[in-house]
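Written below as structure tokens is the structure these notes are about.
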Amino acid sequence: MKKARIYGALAVILLLVFSIAGCSANGKDGAGGKVVISGKNFTEQEILVYLMAGVVEAKTDLEVETKPWLGGTMVASKALDAGDIDIYAEYTGTALTVQLEQEVITDPDEAYDTVSKMYKETKDITWLKPFGFNNTYTLTLRKADAEKFGVETFSDLVKHAPDLVMASEPEFLERDDGYKGIQKLYGIEFKDVKAMDAGLMYSALKDGKADVCPAYATDGRIIAFDLKVLKDDKHFFPPYYAAPIIRNDTLAKHPELADALNSLAGKLDDSVMQQLNAKVDLDKKTSKDVASEWLKAQGLI
């Protein structure tokens, strides 16, 4: 009986040891640890979430929790500042004009260097290397209408705008680097402006329920819906190069994250990102599958 009790006690101790070891391997404070990768509420950001998660999972021992479609810019930014998430992809132009409230910088390298320095000094956040694409805003309309009106630039559109309806996602309408800024610089006024989800605004344009909509340069629907991209002839929009941004305390705790995420640097140009977006928005594949397929094709996982 005494031996049985000893063996029983040893079994309990071993179970506790293995339990603690298991927690250490997978828990937030363990040897591997856990990071939360999030993104804003549109397709491209969801793809980027899974691209970043894929390389982190493949190249580190960290557990990754993904939180795509978190919300708009301010929601994602506040979540990172508060430590609710560790990483998300931001755009240089958005960071410069919306987050930091700085004047537009048109040189891509200068814009990146500025936001990188200011985020590190004022927000305790590090900008890693850019993915390679510039998802700048633009204005689009149907090619047939562009040819009919002889419209090539934003300035050309101004005289036709009073007869046209613009469909736009709500955030673009409220941002100083969006519709408000365009109105101020170009003096443009549409007959009506309709706020709607980004997916719906493209459908509205395609179906003739709207005439103009803002678009991201990397959106696959530009080609698929035969839209004309207008030239920002007064250079209103800054460069919008996307890059992973990460809390400094997370990076200090898990420095291996830098090498993992920087393996994506320069791999995604405008055309590649447009194709990936189209696979989700038009071919109806999941962002997770699209990201995984591309990472495998590139030999990154």
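The values are calculated or read from the model by the stated rules, or taken from the named source; none is laboratory data. All values reported here derive from a predicted model rather than from experimental measurement. Glycine also receives a Cβ, built like all others from the backbone with ideal geometry; neighbour counts cover every protein chain displayed.
State whether one or more residues within segment 223-246 are of a type in the set (F, W, Y), in a helix (DSSP H, G or I) and not assigned by TED's automatic domain parsing to the domain that holds V35. Among the residues of segment 223-246, not one is of a type in the set (F, W, Y), in a helix (DSSP H, G or I) and not assigned by TED's automatic domain parsing to the domain that holds V35, which makes the answer no. Checking each residue in segment 159-168 for being in a loop (DSSP other than H, G, I, E, B) and either surrounded by 13 or more Cβ atoms within 10 Å (Cβ to Cβ) or under 19 Å from the mean Cα position of the chain (by Cα) (or both) picks out H160, L164.
The requirement of being at pLDDT below 50 and either surrounded by 13 or more Cβ atoms within 10 Å (Cβ to Cβ) or among the β-branched types (V, I, T) (or both) is not satisfied by S77. Only one of the numbered conditions (1) in contact (Cβ under 8 Å) with a residue 12 or more places away in the chain; (2) assigned to a loop (DSSP other than H, G, I, E, B); (3) over 21 Å from K253 (Cβ atoms) is not met by E103, and that is (1). If the condition is being among the hydroxyl-bearing types (S, T, Y) and either modelled with pLDDT of 95 or more or in contact with a strand residue (DSSP E or B) (Cβ under 6 Å, 6 or more places away or on another chain) (or both), then segment 51-74 contributes T60, T66. Listed by first and then second residue, the pairs linking a residue in segment 146-159 that is without any contact (Cβ under 8 Å) to a residue 40 or more places away in the chain to a residue that is exposed (fewer than 14 other Cβ atoms within 10 Å of the Cβ) and not in a helix (DSSP H, G or I), with Cβ atoms under 9 Å apart and 6 or more places separating them unless they lie on different chains, are F149/K159; V158/G187; V158/E189. In segment 169-194, the residue that is nearest to L96 (Cα to Cα) out of those that are in contact (Cβ under 8 Å) with a residue 40 or more places away in the chain and either assigned to a strand (DSSP E or B) or of a type in the set (D, E) (or both) is D177.
Of these, L276, L261, which one is assigned to a helix (DSSP H, G or I), closer than 19 Å to D61 by Cα and not assigned by TED's automatic domain parsing to the domain that holds A144?
L261
Selection of segment 58-95 for residues being without any contact (Cβ under 8 Å) to a residue 24 or more places away in the chain and not hydrophobic (A, V, I, L, M, F, W, C) yields S77, K78.
Residues in segment 137-145 include at least one that is more than 25 Å from the chain's Cα centre (by Cα) and surrounded by fewer than 17 Cβ atoms within 10 Å (Cβ to Cβ).
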